[in-house]
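Presented below is the structure to which this report refers.
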Amino acid sequence: MSGSEWTSTSMPYLTPRPSGATDAWTEEAGAAGRTGSQRIVQAGRISAPEAAAFLLGLTEGDTVVVRRRIIELDGVPTELTDTYYPEAIASGTALAATGRIRGGAVTLLAALGHIGVRVVENVTARMPRAEESEQLRLGSGEPVLQLTRATYDAADRPIQADVMVMPAARQQLRYEIRIG
């Protein structure tokens, strides 16, 4: 792959990291000889938008905690990620603040006793909203991929919901599924 194209896999982002490790994105980009970074543009309690409420099994408007980030590869915006958490899990934690979380949010969730054991992802293609097009520096008529992910614990309760938007021409999604 050349230029700013990127093959994305989900597994590194679903597993808690070892103590003291950096986040999965920084490590994955670094292993490819590239620089992965993220800017947290908002964090805190909000009323759940429809998509987040659906993914978390809540009612639209219920209070959730959100972390909105712009993910960059070599300084170029490559993904917009909004991650939502049930208020009971995330309120009053680093998930509700704009600071970086050592090892990433999944590692913090595990430390708080919330370990994901099942994930449901859906991918769709669509045209971007004006704000998304601007933030991702898209050309006119360039579509995006939207990946939604719900992560569930052993009791099948949703603990995290992600809505990720990425330029379709700069992304390839790769899934490896082990059966049995």
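Some observations on this one:
- Test: residue in segment 139-147 that is crowded, with 17+ Cβ neighbours inside 10 Å, in contact with an Asp or Glu (Cβ under 9 Å, 6 or more places away or on another chain) and either within 26 Å of GLY75 (Cβ to Cβ) or aliphatic (A, V, I, L, M) (or both): yes
- Number of positions in segment 45-65 that are touching a Leu at 6+ places or on another chain (Cβ under 9 Å) and in a strand (DSSP E or B): 2
Listed here are the residues, each with its yes/no results for (1) at pLDDT 95 or above; (2) assigned to a strand (DSSP E or B).
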| residue | (1), (2) |
| --- | --- |
| GLY99 | no, no |
| GLU131 | yes, no |
| GLU142 | yes, no |
| ARG149 | no, yes |
| VAL163 | yes, yes |
| LEU173 | no, yes |
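- Some residue of segment 20-27 being among the β-branched types (Val, Ile, Thr) and at pLDDT below 80: yes
The values are calculated or read from the model by the stated rules, or taken from the named source; none is laboratory data. The shown structure was predicted, so the numbers you read here are calculated from the model rather than taken from an experiment. In this analysis, Cβ positions are derived from the backbone assuming ideal geometry, glycine residues included, and neighbour counts consider all displayed protein chains.
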